[in-house]
Amino acid sequence: MKRIFSGIQPTSSMTLGNYLGAVRNWVDLQGPEFETIYCVVDLHALTQPQDPDALRTNTLSLAATLIAAGIDPGKSILFAQSHVHQHAELAWLFSCIARIGQLNRMTQFKEKAGKRRDEAYVGLYTYPVLMAADILLYKATHVPVGEDQKQHLELSREIAGSFNHRYGVDFFPLPEPQILGTATRVMSLRDGTKKMSKSDESDFSRINMTDEADLIAQKFRKARTDPHPLPEAPEGLEGRPEAENLVNIYAALARSSVEQVLAEHGGSQFSSFKQALTDVAVTALSPIAAAVNRLMADPAQLDAVLAEGAEKAEALAAPILADTRRLMGLAQRARG
Ligand code: AMP
Ligand code: TRP
């Protein structure tokens, strides 16, 4: 069976970009065709300094948001990365497979480290190696992510290929990215050339999954646009990143296409389009926000869901790690 793995970092709350670019696809992929494994990647979150209490809380509230968005722990394995220690161990083994030149090419590191590269944490640099370990620890074949993770996935494929080649085996599959939908790269509401991100200092640059209806309306009202009405066809969005972003968001939320949205709203002013956009967003997001509140009222239950997920994940991971260790020549510890 095809096996899906994906992850999301528990750094503050989930954004509409995470939802449309990744998580909604995770929900849709649940079913008989795939075995689905979804992970709150708290070890990845540590690559930037985190307040310890906030990290713990965010791990739980992100699990709640995933469940509220439709990840069903009865259908998918849902767990926290640090609860399955094999992730960190395989990351070490892979750090002896990946090469410095490969990591030097990663644009996310260059962006996040900026000019002060010497001061960046080693973990931020080796982050894609841990990501490869996440995926290959389960021999996952398909990885649904947003556009920004494409390069990291390419590296995961290279690591799998190098491992197989070095040890003369066909052990790890080369995982395939699944970049699905009309909103694979949701942009900031303040700047249509920048990705919508949890870490942007302006909260008005993003919609959070738990924003109330009034705040969503306010954020879309204030979203940057240009002075022209909406075009009638997709070609008219060229060179208009803010307009394109809002239309893509609308199409994704309404499960429609850009063509169809423009057939309906072409010629409209942004003021009325933003109102319509608010309506589809509130309709899609308010039930999720309400479910998050219900789930967060019972943290012990969430802990139990994550514990059960970790147990199932570990049962899959342990034999794959044991085989990896053996293939690499690590001696087996005698049990006396
Ligand atoms: P992160 O928040 O970086 O852990 O991302 C979790 C998932 O959301 C990954 O699959 C990302 O590719 C996806 N994602 C994050 N931001 C965006 C965005 N602005 N547009 C589309 N997908 C995104
Ligand atoms: N690096 C991903 C992101 O920030 C999160 C992630 C970690 C991930 N491990 C993964 C995604 C494994 C897919 C598969 O978006």
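Listed values, structure above:
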quantity	calculated
Enumeration of residues in the stretch 5-23 that are hydrophobic (A, V, I, L, M, F, W, C) and more than 10 Å from ligand 2 (Cβ to nearest atom)	M14, L16, L20, V23
Every residue from the stretch 4-15 that is within 18 Å of A183 (Cα to Cα) and assigned to a loop (DSSP other than H, G, I, E, B)	M14
Pairs, first modelled with pLDDT of 95 or more in the stretch 86-98, second of a type in the set (D, E, K, R), C-beta under 8 Å, six or more apart	Q86/E314; H87/D134; L93/R325; I97/R166; A98/E158
Set L262, L285: member being over 22 Å from the mean Cα position of the chain (by Cα) and either under 16 Å from A183 (Cβ atoms) or among the basic types (K, R) (or both)	L262
Subset of the stretch 16-62 [among the β-branched types (V, I, T), within 14 Å of D72 (Cα to Cα) and in a loop (DSSP other than H, G, I, E, B)]	none
Cβ-Cβ under 8 Å pairs, at least 6 apart or on other chains, the stretch 4-15 side in contact (Cβ under 8 Å) with a residue 12 or more places away in the chain and more than 18 Å from M131 (Cβ to Cβ), far side in a strand (DSSP E or B) and within 11 Å of ligand 2 (Cβ to nearest atom)	M14/I8
Odd one out for S156, checked against (1) out of contact with any Pro (no Cβ under 6 Å at 6 or more places or on another chain); (2) within 23 Å of K198 (Cβ to Cβ); (3) crowded, with 17+ Cβ neighbours inside 10 Å; (4) modelled with pLDDT of 95 or more	(1)
The lone exception for P32 - which of (1) modelled with pLDDT of 95 or more; (2) over 13 Å from the mean Cα position of the chain (by Cα) it fails	(1)
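Results for (1) loosely packed, with under 14 Cβ neighbours inside 10 Å; (2) within 12 Å of ligand 2 (Cβ to nearest atom), shown as yes or no for each residue.
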position: N104; (1), (2): yes, no
position: K112; (1), (2): no, yes
position: R116; (1), (2): yes, no
position: V122; (1), (2): yes, no
position: M131; (1), (2): no, yes
position: Y138; (1), (2): no, yes
position: G146; (1), (2): no, yes
position: F163; (1), (2): no, no
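The values are calculated or read from the model by the stated rules, or taken from the named source; none is laboratory data. Keep in mind it's a predicted model, so treat the numbers as computed, not measured. Every residue, glycine among them, receives a Cβ derived from its backbone with ideal geometry; neighbour counts consider all protein chains shown.
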